[in-house]
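K.L.:
Please read through the structure below; I'll follow up with questions.
Readers should treat all values here as calculations from the given coordinates under stated rules, not as data from a laboratory. In this text the structure is predicted, and so the values were computed from the model without any measurement. Ideal geometry is used to build each Cβ from the backbone, glycine not excepted, and the neighbour counts take in all protein chains shown.
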Amino acid sequence: MSFLNIKKEKTPVKNETKKEVKEEVKKPETKSAPAKHISKNVLVKPWITEKSTDLSAENKYVFLVAKDATKPLVRENVMKKYNVKVTNVDMVYIKGKVKSFRGKTSRRSPVKKAIITLKKGDKIEIQ
């Protein structure tokens, strides 16, 4: 392990070359904002099942969302589209199952759902 303890010898360098080296090392300052993903179809459709209608009594609504949707993006879209105050967003990803019918196997599509909790007093009319 003695090779880790070896100190490098410093070579004398003129002041002019030090300045040139420092200028080369500096990187240009470019501040770029993170790209915000904007998708028109974040909310695909409401997910209407027996369980989701029971959740609406607790002021929770379930929507099928795009696979690349995030919680903040879903929150913004629900607030704009339905003019309500969203308090919480939960995301659920369901993998596609392999099913067989008459001896042929097929695969269901994977689904991403968002369970949205609204402020008390707000409602979403789903038709």
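K.L.:
Would you tally the net charge around residue 85, using a Cβ to Cβ cut-off of less than 9 Å, leaving residue 85 out, and scoring K and R as +1, D and E as -1?
P.N.:
Spelling it out: positives minus negatives among the neighbours equals 0.
K.L.:
Could I ask something else about it? Taking 7 Å along the Cα-to-C-beta vector as the label spot, tell me the residue 124-residue 104 distance in nanometres, rounded to one decimal.
P.N.:
According to this spin-label approximation, the distance is 3.5 nm.
K.L.:
Evaluate E = 1/(1 + (r/R0)^6) for residue 83 and residue 56, where r is the Cβ-Cβ distance and R0 equals 25 Å; express this FRET efficiency to the nearest 0.05.
P.N.:
The computed FRET efficiency comes out at 0.90.
K.L.:
Kindly put 58, 76, 50 in sequence by how many other C-beta atoms sit within 10 Å of each C-beta, fewest to most.
P.N.:
50, 58, 76
K.L.:
Once amide H atoms are built 1.01 Å from N in the peptide plane, which residues 5 or more positions from residue 44, or in another chain, come under 5 Å H to H?
P.N.:
Residues meeting the amide H criterion: 64, 65, 66.
K.L.:
For the stretch 43-118, report the % of Cα-Cα distances exceeding 15 Å.
P.N.:
The answer is 58 percent, as a whole percent.
K.L.:
Can you flag which of 67/99; 51/71; 45/80; 51/104; 51/120 are past 26 Å Cα-Cα?
P.N.:
51/104
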